[in-house]
Amino acid sequence: MQRGMCSRHPAALCSCWICGIYGLYWCYKAGDKLDRIKQQWGIPSSNTGILYLILSLLGLDIVVWALVQNEVNGMTGAAA
């Protein structure tokens, strides 16, 4: 994991404390960070932060976590 990437465990805990608002924020920022990293590596990117936010609003947080993990795995596979 790169420095500056956020962990999902504190996100889940903080989300419970402040009525889910932090979970929405985390999903959007995770997508935004992934897009920025992709741009730095020259990989085409889209607005995944918006997609993750919409999925989170629909109650599909676990899907967002799986998509984030898949993106990170894909980027590390492309770098190797």
For this session: State the extension gain, in nm to one decimal, for the chain segment bounded by Ala66 and Arg36, taking 0.36 nm per residue of separation less the distance between their alpha-carbons.
Result: 8.9 nm
Exercise. Counting only the heavy atoms of the protein chains, how much of Tyr28 is accessible to a 1.4 Å probe, in Å² to the nearest 10?
Worked result: 90
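The values are calculated or read from the model by the stated rules, or taken from the named source; none is laboratory data. Here the structure is a predicted model, which means the values were calculated and not measured. For accessibility, only protein heavy atoms count, side chains too; no ligands or nucleic acids. Shrake-Rupley method; radii C 1.70, N 1.55, O 1.52, S 1.80 Å.
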